[in-house]
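Only the coordinates and a few stated rules stand behind these numbers; no lab work does. Since this is a predicted model, take the numbers as computed values, not measurements. Using ideal geometry, Cβ is built from the backbone for each residue, glycine included, and neighbour counts are taken over all protein chains shown.
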Amino acid sequence: MSVLSICQALEATWIGTQVRETYWGYAAPQIAHMLGMALFGGAVVVDDLRLLGRLRRPAFSELSKQLIPLKWLGFVVVVGSGLALFMSDATRLYRNWAFLVKAILLLLVALNAWIFRAVVYRDIAKWDQSADPPTGAKRSASLSLLLWLAIIVTSRLIGFVGPEY
C-alpha cells in the first residue's frame, strides 16, 4: 500500500468528506486546532521561559506539574483536529513541502523534549529552585522556541505553496 493510496483512503472517510465538503465541518476543527495550539503552545512557552531564567518562580518542577493538564488537553485537541484537517486534504498535503517540513519539525520538537526529560530533567533536584537553570535546560528551551517558531511559519506556508487543488 503506497502513501498516496493511504492518503486517498483517508480522504474517502466520513471525517475527511465532512471536513472537506461542509462549512462547519472545516470551521470546527480549524477553530479547535487554534484553541488547542493556544493551550499547548502557551504552556510550552511558559515552561521554556522558566528554563531560560526569564521567570524566577515557581520552581520548574512545580510549574511543569501545574501546566501538564493544559499541555495534555491542548495536545489531544491539536492532534485530533489536525488529523481531521489532514484527512480532508491528505493527497495534496503529503506532497506539500511546507507540510513535510512541518512534520519533520514536529518530530524534532518531540526528540528535543525526550532528550530534555532523559538527560537534563533527571538532575532536576540540583537546579529546580535555581533562578538560573543549567546550560542544558537553556539550550533545550531555546531550541524548543526556535522549533515552534519554525512550525508556525511552515504551518502558515502550507496554504500558499505546493500542489494546487
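Where in the stretch 106-122 does the label zone of LEU157 land, with the point 7 angstrom along Cα→C-beta and an amide N cut-off under 18 Å?
Residues passing the 18 Å test: 106-109.
Would you mind counting up the charge near ARG56? Only other residues with Cβ under 15 Å from its Cβ, with Lys and Arg at +1 and Asp and Glu at -1. Working shown, then result.
Values: positive: ARG50, ARG54, ARG57, LYS138; negative: ASP47, ASP48, GLU62, ASP128, ASP132.
Within the 15 Å Cβ shell, the charges total -1.
Once you keep just the Cα pairs under 8 angstrom separated by 6 or more residues, what percentage relative contact order results for the stretch 6-165?
Numbers: 175 pairs, mean separation 53.1, N = 160.
Rounded, it is 33 percent for the stretch 6-165.
Using the crude model of +1 on Lys and Arg Cβ and -1 on Asp and Glu Cβ, and no other charge, please compute the dipole size for the stretch 1-140 relative to its Cα centre, in debye to 20.
Details: 15 positive and 9 negative charges, 87 e Å.
Dipole of the stretch 1-140, to the nearest 20 debye: 420 debye.
Whose amide H sits under 5 Å from the amide H of LEU55, counting only residues 5 or more places off or on another chain, with H placed in the peptide plane?
Amide H neighbours of LEU55, under 5 Å, 5+ apart: ARG50.
Can you tell me which lysines have their Cα less than 22 Å from the Cα of LYS138? Leave out same-chain residues fewer than eight positions away.
Within the straight-line limit of under 22 Å, LYS138 reaches these lysines: LYS65, LYS71, LYS126.
Starting from the alpha-carbon convex hull of the stretch 19-132, give the projected area averaged over all orientations, in nm². Kindly include the intermediate steps, with their values, before the conclusion.
Details: hull surface 31.9 nm².
Projected area, direction-averaged: 8.0 nm².
When the scattering of the stretch 96-165 is computed by the Debye formula from its Cα atoms alone, each counted once and equally, what is log10 I(q)/I(0) at q = 0.23, 0.24 Å⁻¹?
With one equal scatterer per Cα and no solvent, log10 I(q)/I(0) is -0.93, -0.97.
Within 10 Å, at most 14 other Cβ atoms, and a DSSP state outside H, G, I, E, B define an exposed site. Report the longest part of the chain free of exposed trypsin sites (Lys or Arg not before Pro). Can you show the working numbers first?
Working: sites that count: ARG54, ARG56, ARG95.
Longest stretch, sites excluded: 96-165.
What does the helix-only formula give at 222 nm for the chain: each DSSP H stretch with n ≥ 4 adding -39500 (n - 2.57), the total divided by the residues, and the result rounded to the nearest 500 deg cm²/dmol?
On the way: 8 runs with 125 residues, N = 165.
Computed ellipticity for the chain at 222 nm equals -25000 deg cm²/dmol.
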